[in-house]
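Undergrad: Please read through the structure below; I'll follow up with questions.
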Amino acid sequence: MKKTVLAGLLSVSAAAAMTAAQPALAEPDKGQTIIRGGEQAAVKGSPQFFTGSVRIDPLYPANNAMRSSGGSVTFEPGARSHWHVHPVGQVLIVTSGVGRTQEWGKPVQEIRAGDVVICPVGVKHWHGAAPNSAMTHISICEEKEPGKVVEWMEEVTDAQYNGN
Ligand code: MN
């Protein structure tokens, strides 16, 4: 059983704690797996990787046959990720609220529920909530190697967050 789901998004201790609650994995020789809501404990986004209050609700892990994993990430107003890149890219599906995202060297953009953001391989970016609204997105990443879905960089300053 692979035990690396979203490890890059989590603090080391949280990732370690999650392994105990890892759901059964869908393998080709088995039937469907239904991971029930509430089976996987939510974890707090580590201040090593996030500014402000962030909660990660794991959705599904990668396995030996499928390299993507998914999680729902909720940012309280003003909260955001640090700058980072994804070695195999990322898809963000905004499910509620209003948020912000930015590519390095480009303007801050507003994102809203229903928006889908495709972050290409290796493009430095951040994502988070708007100043006055929480934002939740589903994040889907593929692993380049087991457990490797993100490379973290420096924090997003208030000036950057505010588009200055
Ligand atoms: Mn990202």
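The values are calculated or read from the model by the stated rules, or taken from the named source; none is laboratory data. All figures in this text were calculated on a predicted structure; none of them were measured in a lab. Each accessible area value is taken on the protein alone, full model and side chains, heavy atoms only, with ligands, DNA and RNA left out. Shrake-Rupley method; radii C 1.70, N 1.55, O 1.52, S 1.80 Å.
Undergrad: Give the distance, in whole Å, between the Cα centre of region 70-93 and the Cα centre of region 112-138.
TA: Answer, in whole Å: 6.
Undergrad: Rolling a 1.4 angstrom probe over the protein heavy atoms, how many square angstrom per residue are accessible across region 52-138?
TA: Numbers: 3620 Å² over 87 residues.
Normalised by residue count, the accessible surface of region 52-138 is 42 Å².
Undergrad: Order LEU59, LEU92 by their accessible area, 1.4 angstrom probe, all chains in place, largest first.
TA: Details: LEU59 70, LEU92 0 Å².
Ranked from most to least accessible, the order is LEU59, LEU92.
Undergrad: Please list LYS148, LYS124 in order of solvent-accessible area, largest first, computed with a 1.4 Å probe with all protein chains present.
TA: Details: LYS148 70, LYS124 45 Å².
Ranked list, largest accessible area first: LYS148, LYS124.
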